[in-house]
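**Q** Quick one: the structure is below, questions incoming.
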Amino acid sequence: MRTDNRIFLISLPRIILAVLTLASLEGCSGDGPAIDARPQAITLGVAPLLALGGAATVSAAASSGLAVSFSSTTPAVCSVKSGTGEVTAISAGTCIIAVNQSGNTQYAPAPQVTQSIPVVFNPNQSISFAASSVLSLGGTASVSATASSGLPVTYSSSTPAVCSVDSSTGLVTDLLAGACIIAADQVGSASVNPAPQTTQTLTVSAPTSVGVPGAPTGVAATAGSSANTVRVSTGTTDSSGSPITGYTVTSRPAGISAAGSASPITVTCPSGCAGYAFAVTASNASGAGALSAFADVVTTYDVVETFLEPDTQPKNSIFVGSFTLNSTTGTVSNLKGILSESMTGALAAYPNDNMTWLPLSNQLSSVPVTLGGVEGLLVTTFMLNTTNTLSANPIYGGTDGWSPGSGFGLYYAFPGTNPGNAYARIFVNTKDPAAALTQAQIDKLAYADCTPGGMMGATCMIGTTVAGYGTIGTMSGFPVSQTVTKH
């Protein structure tokens, strides 16, 4: 009997492991245990009025009393705060807000409801100027005007003998003593009337003394329009009474320089501009002035990432977003965008689709990697302000609660309440962001969708490759492309 008992005790852990493994496989295939819960529904409040450039609040309530979440399915037209329903109009069109309630152990997920809100235009618009910088004869200063419509304004000088101005940036160059009058215009659009021209008068005083220029302020650097170039611009520069004749750009670390008669100045880097910061000195008849503060090279990029979904063709999982790259420090910030849910909407491919799109605006991970000999970052943005997405339970292959390929695709805290998170991961080549990706880099792209529109029982939709993470997506989805362009 003792021998038999020992055999039984030795076998028991194996039996338990087999049962748990079977449960894991069932969850991975989308046949996990269903929530034994009551149905619920979402009721919308009256659609608010929404004006271009304005904000309004959508109201909705779930019959369960649980909190609802909001998302915009028309992100080019409007954005919305997921927790409060505060909507901001961005452009013309119809704003469509989706409302979800993911349920809990007592209530099943509610069917998604949407509310369509026309963006109302005020056909009239006006222009207002911000306070201007101090002007010095022969120097530069910036003016800034905004239109109530949110459309861009253009600048012109009504006193060209006294001052000139860059039509798009508002950078004013002071030529003579006297009154400098800058005009701002907005030509309107199909829905908005032209704005009445608005002017700002600035006084250019004759100098009491003459010296070298002051250090330029407002220096900014962004990636240029061609490879290995940087565009360096200046703001206000005190001429010290003598017209500025030119600018010189200096790099840190030293070794790269350029000169020009006016801002902006394009700098060419012999073998790439990553890791460099740039400063500017101004010169006049009295000599060169002080060096400005060094500016990091900071550029905004757009990104589109595609995951092929064999089971939902012609619809795929698409991430459309943007990020800011500091090429000087090699860091990425503010990765945000929208992720499509290929199991939703009619049979129409992006961009002519009507899939549900999830807002991802919380960049919570940035990991340095070298893929195919190229240094870069794997950057991940989440729907919720937490990384809790996929199961962290080791029984189900879980690790940290979100890493691609882990958790067998089961939602976080399975079989408890699903937090309903989602994420998308991109690769950023910090030295050449717009370079085409290699297969090794594509293999490390990933997404996960554990919101109601991405669930199959207890299993989330994920997109990964075997080469990158040891497993393909839960519906056989996998990454096929990523493109990055300068914003």
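**Q** Could you list all residues from segment 57-99 that are part of a loop (DSSP other than H, G, I, E, B), farther than 19 Å from residue 361 by Cα and under 25 Å from the mean Cα position of the chain (by Cα)? Can you show your working first?
**A** Of segment 57-99, the ones part of a loop (DSSP other than H, G, I, E, B) are 58-59, 63-68, 73-77, 81-85, 90-93.
Retained after the next criterion (residues that are farther than 19 Å from residue 361 by Cα): 58-59, 63-67, 91-93.
Passing the criteria: 58, 91, 92, 93.
**Q** Could you please find all residues in segment 436-479 being assigned to a loop (DSSP other than H, G, I, E, B), more than 21 Å from residue 371 (Cβ to Cβ) and either among the β-branched types (Val, Ile, Thr) or in contact with a Ser or Thr (Cβ under 8 Å, 6 or more places away or on another chain) (or both)?
**A** Listed by number, the residues that qualify are 450, 451, 474, 475.
**Q** Filter segment 80-99 for residues that are crowded, with 21+ Cβ neighbours inside 10 Å and over 18 Å from residue 61 (Cα atoms) and give the result.
**A** Across segment 80-99, the qualifying residues are 89, 95.
Results for (1) touching a helix residue (DSSP H, G or I) at 6+ places or on another chain (Cβ under 9 Å); (2) farther than 29 Å from residue 330 by Cβ; (3) of a type outside the set (Lys, Arg), shown as yes or no for each residue.
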{"site": "384", "(1), (2), (3)": "no, no, yes"}
{"site": "417", "(1), (2), (3)": "no, yes, yes"}
{"site": "437", "(1), (2), (3)": "no, no, yes"}
{"site": "443", "(1), (2), (3)": "yes, no, yes"}
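**Q** Consider residue 205 against the criteria (1) at pLDDT below 95; (2) touching a strand residue (DSSP E or B) at 6+ places or on another chain (Cβ under 8 Å): it satisfies all of them except one. Which criterion is unmet?
**A** Exception for residue 205: condition (2).
**Q** Take segment 257-287 and flag every residue that is over 17 Å from residue 298 (Cβ atoms) and among the aliphatic types (A, V, I, L, M).
**A** Those that are over 17 Å from residue 298 (Cβ atoms) and among the aliphatic types (A, V, I, L, M): 258, 259, 262, 282, 285.
**Q** Within the bounds of segment 391-405, is there any residue that is under 20 Å from residue 336 (Cα atoms) and of a type in the set (Phe, Trp, Tyr)?
**A** Filtering segment 391-405 down to residues under 20 Å from residue 336 (Cα atoms) leaves 402-404.
From the residues that got through so far, the ones that are of a type in the set (Phe, Trp, Tyr) too are 402.
Yes, that holds for at least one residue.
**Q** Quick one: is residue 140 buried (at least 18 other Cβ atoms within 10 Å of the Cβ) and in contact with a strand residue (DSSP E or B) (Cβ under 9 Å, 6 or more places away or on another chain)?
**A** On the way: buried (at least 18 other Cβ atoms within 10 Å of the Cβ): yes; in contact with a strand residue (DSSP E or B) (Cβ under 9 Å, 6 or more places away or on another chain): yes.
Here the answer is yes, as residue 140 does meet what is asked.
**Q** For the structure I just gave you, tell me whether residue 44 is buried (at least 17 other Cβ atoms within 10 Å of the Cβ) and modelled with pLDDT of 75 or more. Spell out the reasoning first.
**A** Numbers: buried (at least 17 other Cβ atoms within 10 Å of the Cβ): no; modelled with pLDDT of 75 or more: yes.
No, not satisfied.
**Q** Given (1) in contact with a strand residue (DSSP E or B) (Cβ under 6 Å, 6 or more places away or on another chain); (2) over 22 Å from residue 444 (Cα atoms), identify the lone condition not met by residue 305.
**A** Unmet condition: (2).
**Q** Of (1) under 30 Å from residue 323 (Cβ atoms); (2) buried (at least 16 other Cβ atoms within 10 Å of the Cβ); (3) within 30 Å of the chain's Cα centre (by Cα); (4) among the hydrophobic types (A, V, I, L, M, F, W, C), residue 227 satisfies all except one. Which?
**A** (2)
**Q** Shifting gears a bit: Would you be able to tell me the number of residues in segment 47-74 that are of a type outside the set (A, V, I, L, M) and surrounded by fewer than 20 Cβ atoms within 10 Å (Cβ to Cβ)? So that I can check it myself, show each step before the final result.
**A** First, the residues of segment 47-74 that are of a type outside the set (A, V, I, L, M): 48, 53-54, 57, 59, 63-65, 69-74.
Subsequent filtering for residues that are surrounded by fewer than 20 Cβ atoms within 10 Å (Cβ to Cβ) retains 48, 53-54, 57, 59, 63, 65.
Here the count works out to 7.
**Q** Does residue 157 satisfy the condition of being small (Gly, Ala, Ser), crowded, with 18+ Cβ neighbours inside 10 Å and not assigned by TED's automatic domain parsing to the domain that holds residue 262?
**A** Numbers: small (Gly, Ala, Ser): yes; crowded, with 18+ Cβ neighbours inside 10 Å: yes; not assigned by TED's automatic domain parsing to the domain that holds residue 262: yes.
Yes, satisfied.
**Q** Residue check, residue 421 against (1) on the phi > 0 side of the Ramachandran plot; (2) within 19 Å of the chain's Cα centre (by Cα), all met but one. Which one?
**A** In the conditions (1) on the phi > 0 side of the Ramachandran plot; (2) within 19 Å of the chain's Cα centre (by Cα), residue 421 misses (1) alone.
**Q** Filter segment 275-321 down to residues that are in contact with a Leu (Cβ under 8 Å, 6 or more places away or on another chain), assigned to a loop (DSSP other than H, G, I, E, B) and crowded, with 18+ Cβ neighbours inside 10 Å, then give me how many there are.
**A** The total comes to 2.
**Q** Where in segment 326-418 are the strands (runs of 3 or more DSSP E), entirely inside, with at least 2 residues that are closer than 21 Å to residue 112 by Cα and outside the structural domain of residue 102 (by TED's automatic domain parsing)?
**A** 331-341, 356-360
**Q** Take the conditions in a loop (DSSP other than H, G, I, E, B), small (Gly, Ala, Ser), surrounded by 15 or more Cβ atoms within 10 Å (Cβ to Cβ) and touching a Lys or Arg at 6+ places or on another chain (Cβ under 8 Å) and apply them to residue 102. Does it pass?
**A** Numbers: in a loop (DSSP other than H, G, I, E, B): yes; small (Gly, Ala, Ser): yes; surrounded by 15 or more Cβ atoms within 10 Å (Cβ to Cβ): yes; touching a Lys or Arg at 6+ places or on another chain (Cβ under 8 Å): no.
Against the criterion (in a loop (DSSP other than H, G, I, E, B), small (Gly, Ala, Ser), surrounded by 15 or more Cβ atoms within 10 Å (Cβ to Cβ) and touching a Lys or Arg at 6+ places or on another chain (Cβ under 8 Å)), residue 102 does not qualify.
**Q** Is it the case that residue 424 is small (Gly, Ala, Ser) and either surrounded by fewer than 20 Cβ atoms within 10 Å (Cβ to Cβ) or touching a Pro at 6+ places or on another chain (Cβ under 7 Å) (or both)? Explain how you work it out, then say what you get.
**A** Values: small (Gly, Ala, Ser): yes; either surrounded by fewer than 20 Cβ atoms within 10 Å (Cβ to Cβ) or touching a Pro at 6+ places or on another chain (Cβ under 7 Å) (or both): no.
Taking the combined requirement at face value, the residue does not satisfy it.
**Q** Can I ask one more? Of the residues that sit in segment 160-218 and are buried (at least 18 other Cβ atoms within 10 Å of the Cβ) and polar (S, T, N, Q), which one is nearest to residue 124 (Cα to Cα)?
**A** If we take residues in segment 160-218 being buried (at least 18 other Cβ atoms within 10 Å of the Cβ) and polar (S, T, N, Q), then 186 is nearest to residue 124 (Cα to Cα).
**Q** Moving on to the next point. So residue 234 ticks every box in (1) closer than 30 Å to residue 125 by Cβ; (2) in the same structural domain as residue 279 (by TED's automatic domain parsing); (3) of a type outside the set (Lys, Arg) but one. Which box is left unticked?
**A** Unmet for residue 234, out of (1) closer than 30 Å to residue 125 by Cβ; (2) in the same structural domain as residue 279 (by TED's automatic domain parsing); (3) of a type outside the set (Lys, Arg): (1).
The values are calculated or read from the model by the stated rules, or taken from the named source; none is laboratory data. Bear in mind that the values here come from a model prediction, so they are computed numbers and not experimental data. Note that each Cβ is placed from the backbone with ideal geometry, even for glycine, and that neighbours are counted across all protein chains shown.
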